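Presented below is the structure to which this report refers.
The values are calculated or read from the model by the stated rules, or taken from the named source; none is laboratory data. Small disclaimer: the values here were computed from a predicted structure and weren't measured. Neighbour counts run over all protein chains shown; Cβ positions are idealised from the backbone, glycine included.
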Amino acid sequence: MTVRLVFVPGREVATETFAQVGGTVKDIYSWCSPHQLLSFNDLHRQPMAKEDKEAQEDELLALASIYSEDEFKRSETALGGKICVCLDLPPNFSVAIKGDCVSDEYAKSFEYIVSFLPPIILNFELPPGYPSTDPPAFTLSCKWLSPSQLALLCQRLDDLWEKYAGGVVLFAWMQFLKEGTLEYLKINSPYEIQVCEFGPQCIKNNSGISDSCSATGPAEAVIWDTRAIQDMKSVSALIECILDFNEAQQKKCFDSKWYMCNICFLEKVGSECTHFKKCEHIYCNACLKDYYTVQIQDGQVQALNCPEPKCSSVATPAQVKLLVGEEFFSRYDRLLLQSSLDLMADVVYCPRPNCRTPFILEPGAKMGICSSCKYAFCTLCKLAYHAVAYCNITQEKLLLVREEYLEADEAGKKLLEKRYGKNVIVKAVEMKSFEWVEKNSKRCPNCRVNIEASAGTNCKVINTKQEPCLPE
């Protein structure tokens with residue numbers, strides 16, 4: 001039997017006998033790159049047997065009815081399709097990325113517990129002789145498995161074809177990839193991804209064996225298989241891909257389940273609920289929307305937390321925006337920024353009511369200049385800048401200064417005296433004495449001297465022979 005190997009459609013490269021090629025169809029496929037899989041099928045093109053055609057149509061129809069569109073998608077132009085297989089991971093499965101060729105400190109320490117990993121993708125095309133004589137042409141790709149591990153899986157799929165020779169095999173391939181990949185490759189948690197395998201070191205040498213890609217599976221060295229595709233360009237892209245896919249799949253599972261809201265006590269589907277990941281509490285969106293709207297209207301933007309009593313979990317800005325809408329979220333965002341700036345000691349607001357622009361003040365500066373309106377002001381009294389003169393003080397401010405002075409230590413008292421002047425501080429302290437006199441004494445009706453009754457009745461005769469009514 002003579003077989004022609006054509007790697008470019010319409011261009012014959014070599015003519016060899018079947019025995020010279022290697023003796024098996026599997027070997028011919030391993031010689032072809034993923035986009036050259038036409039080679040053997042196009043050359044061996046023959047009228048499709050009726051039984052093969054019916055078997056192919058029945059198998060594709062069965063796969064489409066068993067699996068969702070995310071798992072199986074039939075090709076519109078050929079007898080083939082795309083199969084995405086998500087592995088069943090054990091609980092608390094973790095992945096780690098470590099290696100000598102990682103320059104990024106973040107990647108060196110990367111370890112994360114995941115419930116889902118990006119799928120293994122099987123692209124296939126059914127030749128005319130399938131399933132009676134020829135196996136499906138396929139490529140196998142995965143973002144987190146090394147080329148050598150994918151090559152092992154390709155060999156295992158070939159073995160399954162030989163086991164099911166003469167019968168359909170796609171369903172068996174899918175079941176193996178989904179349920180048997182971890183065991184076959186001996187992958188356990190924590191699974192360490194060798195980052196060197198994604199760099200330029202992972203190349204094919206003259207013997208067809210990878211120098212740097214050694215699998216963690218049944219063999220230490222694997223013959224390079226061009227059907228195995230590893231398409232990640234960098235470690236950072238791999239990390240982002242793993243985390244994004246895990247989060248998306250968790251959200252998809254959550255949206256499809258039913259939960260009871262602890263506020264209205266109604267069962268609602270997950271797509272209508274909000275999940276606080278830190279505390280695992282779940283509430284319906286309608287109840288949370290009403291609760292957060294009231295909080296935002298009252299200006300309590302720091303209190304948008306989980307409604308569970310004594311729970312410290314806080315809603316993320318994305319959750320708040322989804323619940324309350326654009327209008328209330330804009331108010332929430334503005335108030336949250338303002339409250340955050342108020343907690344920063346080096347941030348001040350322009351004293352002008354029609355400006356109020358926040359800006360950073362240099363440490364120890366006594367003069368601030370607004371970055372928006374250019375208003376120069378004293379950072380102590382917030383009035384117009386007055387250089388070395390003492391800060392002017394109002395009656396209301398004087399009362400506050402007095403309380404601050406009386407409660408301050410010696411260093412604090414000296415600072416207040418320097419800021420407002422010693423005479424102002426003395427006046428502020430004396431005001432407290434005046435208040436006590438006004439409250440606890442009464443003026444003599446004749447000489448206007450403040451007098452206080454210390455004992456006896458409230459009727460006293462003083463040297464003016466008047467009898468004032470003293471306060472009790």
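Worth pointing out:
- Residues of the stretch 294-320 that are farther than 21 Å from residue 340 by Cβ and either outside any loop (DSSP other than H, G, I, E, B) or under 18 Å from the mean Cα position of the chain (by Cα) (or both): 294 alone.
- The condition of being of a type in the set (Lys, Arg), modelled with pLDDT of 75 or more and part of a loop (DSSP other than H, G, I, E, B) holds for only one of 233, 268, 278, 252, that being 278.
- Candidates 283, 385, filtered to the one that is under 30 Å from residue 247 (Cβ atoms) and hydroxyl-bearing (Ser, Thr, Tyr): 283
- Residue list for the stretch 233-247, filter: in contact (Cβ under 8 Å) with a residue 40 or more places away in the chain and out of contact with any helix residue (DSSP H, G or I) (no Cβ under 8 Å at 6 or more places or on another chain): 241, 242, 243, 245, 246
- Applying a threshold of 7 Å to beta carbon distances and a minimum spacing of six or more residues, or different chains, the list of pairs starting in the stretch 168-181 at a residue that is assigned by TED's automatic domain parsing to the domain that holds residue 122 and ending at one that is of a type in the set (Asp, Glu) and assigned to a helix (DSSP H, G or I) reads 168/59; 170/59.
- Only one of the listed residues (356, 352) is closer than 30 Å to residue 305 by Cα, under 48 Å from the mean Cα position of the chain (by Cα), outside any helix (DSSP H, G or I) and not hydrophobic (A, V, I, L, M, F, W, C). That residue is 356.
- For the residues 69, 59, 54, 76, the requirement of being touching a residue at least 12 places away in the same chain (Cβ under 8 Å) and either in contact with a Phe, Trp or Tyr (Cβ under 7 Å, 6 or more places away or on another chain) or charged (D, E, K, R) (or both) singles out 59.
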